[in-house]
Amino acid sequence: MTYNFTPPADAVAAIAAYRNLNLVGGARVSVDRGLDVLNPATGAVLGQAAASDVAETEAAVAAAKVAGAVWAATPARERGKAVAAGGRALLEHFEIVAQVLARETGKAIRTECRGEVKTAADILEFYGGLGSELKGETIPFSPRMLTMTTREPLGVVAAIVPWNVPLVLMMLKIAPALVAGNTVVVKASEEAPFATFLAAEILMQFLPDGVLNVINGTGAECGAALTAHADVAKITFTGSEAVGETVYKAGAARIVPVSLELGGKSPMIVCDDAHLDKAVAGAISGMRFTRQGQSCTASSRIYVHESLYEDFLSALIKELNTLKIGDPLNEATDIGTIINAKQAAVVAGYVAQAEGTEGARVIRCGTLPEGADLTPDLFALPTLLLDLPEDHPCVQNEIFGPVAVIQKWSDYEDVIAKANDSRYGLAATVWTQNLSRALDATSRLNAGYVQVNQNLTIQPNVSYGGFGRSGLGKEASLEAMLAHFTRSKTIVIAMD
Ligand code: NAD
């Protein structure tokens, strides 16, 4: 059986329809406890999502396990076709999914949410074409022994996602997992679960019952129950460094593979020969200012050569002042809100720390919106922190808000050392027109994703993942599917 999806009339109806629901075994399953989900832009309760406990988590894993045998035996290209069809269907419904996403995340519909749905669909289509790439190898071990490796699915995959880009991050996990023949239980983010449920239901139309299951609940209860479950064969997690550590330990306790996509404090090095306009545009897109800086990849440490520093700074401030902060659903809005009051307090705390630091400067750009319905506390101005010591918490820690550190440099060796002086290693960019310098920097920067003269977001076919405390393993690309969602079996056949 495949799932019978009825498109909701609009975003409000979709959110109401997911009240205290899980998607388990190809059905909507009611849970008798719920968690309020707030609209960050207004502070109003948007809806209620299931507060799944251990029993409900176990039910989802059991459904995924039951569905596993048939799905693993389905020809890989058929699995891929189903996933790709889900991608096309998601595109057909992209406006309503984007509307739900904007309401629950506070991200602007025009600059962020529509693009996120399109990228999520693109990931499904990309992996949908890779079914026949699940190849093993033959090994010239002995002429009379056929020696080969095959790729097998792992079993039930637990996919745990955060709130900042929930659809893209979910698809980066479930698309390769499903195409490789695994079944999946997604733990939605309790801060922003509804678009996750809607996108999953759209995909479930093309999948046998139980192949994809989605549950919601707190991390401490539902997430922990999932990672501890004996039938979960693989954990793939995107979220904070602290929770990543907990999840890794849960996997270690059962010796199951764990992939972690965690935080970052990514450097952007602007050299003296950089194209100024491109570098300024790259700083705005790289810092993800239109996402309130809530990005693990954010270029949040910007090192500018002293010869360009003043011009770069004034051009950046000028551009940031043009961005309109406001209601995420307004088409004119560039920047929406921070996700919740807790995160807003963290961001404000870091800015206050910078303000209290001798010699440091804090520059706030733009204007806060006014409106009877809007929650003033969750709108944050793009903020630049200048002249901080390198060991300052604002330079070393992930702030996860619209706050970028801008530092002046004069010595190339010194700036490379500073860029690498971080416990993270997710991404880095270099801005120069000198090819030798670009190649030198890319080879020396300690980051999993290094770009020159651009600041692209995650691309489905380009492997992405961090070094150090930014995580373990890769997402996106064929490499990620083979390395993280299959196991390799060696087979040796005597021919005599
Ligand atoms: P979080 O770690 O608080 O939560 C992430 C998910 O983990 C949520 O679904 C949460 O319910 C769940 N969780 C919490 N405790 C758990 C536990 N004990 N066991 C299992 N699951 C648990 O992160 P967040 O606040 O939702 O997201 C922001 C963080 O995510 C930032 O630190 C950011 O850098 C990171 N992030 C990383 C990437 C990347 O690709 N590297 C991408 C986006 C976000």
Task: Members of segment 233-252 found to be assigned to a strand (DSSP E or B) and either within 10 Å of the ligand (Cβ to nearest atom) or farther than 29 Å from T57 by Cβ (or both), listed by number - done: I235, F237, T238
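Being open to solvent by 10 Å² or more (accessible area, probe 1.4 Å), within 24 Å of A177 (Cβ to Cβ) and away from the ligand (no atom under 14 Å from the Cβ) is the requirement here; does L482 meet it?
yes
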Open item on the list: Looking at segment 218-232 only, could you name the residues that are near the ligand (Cβ under 8 Å from one of its atoms) and either crowded, with 24+ Cβ neighbours inside 10 Å or part of a loop (DSSP other than H, G, I, E, B) (or both)?
Closed with: T218, C222, G223, L226, T227
TODO: Under 8 Å between Cβ atoms, at least 6 apart or on separate chains: pull out the pairs that start in segment 204-221 with a residue that is on the phi > 0 side of the Ramachandran plot and end on any residue that is away from the ligand (no atom under 16 Å from the Cβ) and open to solvent by 50 Å² or more (accessible area, probe 1.4 Å).
DONE: G210/V66
- [ ] Please find, among G326, G244, the residue that is open to solvent by less than 10 Å² (accessible area, probe 1.4 Å) and in contact with a Leu (Cβ under 6 Å, 6 or more places away or on another chain).
- [x] G244
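Here are some residues: L172, L203. Which one is in a helix (DSSP H, G or I), farther than 12 Å from V24 by Cα, within 9 Å of the ligand (Cβ to nearest atom) and open to solvent by less than 10 Å² (accessible area, probe 1.4 Å)?
Among L172, L203, only L172 is in a helix (DSSP H, G or I), farther than 12 Å from V24 by Cα, within 9 Å of the ligand (Cβ to nearest atom) and open to solvent by less than 10 Å² (accessible area, probe 1.4 Å).
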Open item on the list: Scan segment 391-412 and tell me whether some residue there is over 30 Å from V347 (Cα atoms) and surrounded by fewer than 23 Cβ atoms within 10 Å (Cβ to Cβ).
Closed with: yes
Task: E104 away from the ligand (no atom under 16 Å from the Cβ), of a type in the set (D, E, K, R) and at negative phi - done: no
Task: Segments classed as helices (runs of 4 or more DSSP H), wholly inside segment 19-113, with at least 3 members that are open to solvent by 30 Å² or more (accessible area, probe 1.4 Å) and within 30 Å of I458 (Cβ to Cβ) - done: 76-92, 94-105
- [ ] With the condition kept exactly as written, say whether any residue in segment 354-371 is open to solvent by less than 10 Å² (accessible area, probe 1.4 Å) and over 24 Å from the mean Cα position of the chain (by Cα).
- [x] yes
Open item on the list: Scan segment 253-267 and tell me whether some residue there is within 10 Å of the ligand (Cβ to nearest atom), out of contact with any Leu (no Cβ under 7 Å at 6 or more places or on another chain) and open to solvent by 20 Å² or more (accessible area, probe 1.4 Å).
Closed with: no
- [ ] Scan segment 358-404 for residues that are touching a residue at least 60 places away in the same chain (Cβ under 8 Å), more than 30 Å from V45 (Cα to Cα) and within 16 Å of the ligand (Cβ to nearest atom) and report the count.
- [x] 3
Task: Filter pass, Y303 being surrounded by fewer than 24 Cβ atoms within 10 Å (Cβ to Cβ) and under 19 Å from N446 (Cα atoms) - done: yes
Open item on the list: If I ask for residues that are hydrophobic (A, V, I, L, M, F, W, C), away from the ligand (no atom under 16 Å from the Cβ) and farther than 18 Å from V165 by Cα, which ones from segment 323-347 would you list?
Closed with: L323, I325, A332
Open item on the list: What pairs come out if I take residues in segment 133-157 that are under 22 Å from A76 (Cα atoms) and outside any loop (DSSP other than H, G, I, E, B) and pair them with residues that are open to solvent by 70 Å² or more (accessible area, probe 1.4 Å) and of a type in the set (D, E, K, R) whose C-beta lies under 6 Å away, six or more apart or interchain?
Closed with: T149/E137; T150/K489; E152/R487; E152/K489; V156/K65
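The values are calculated or read from the model by the stated rules, or taken from the named source; none is laboratory data. The structure displayed is predicted, hence computed values, not measured ones. Positions of Cβ are generated from backbone atoms using ideal geometry, with glycine treated the same way; all protein chains shown enter the neighbour counts. The accessibility values were calculated without ligands, DNA or RNA, using every heavy atom of the protein model including side chains. Shrake-Rupley method; radii C 1.70, N 1.55, O 1.52, S 1.80 Å.
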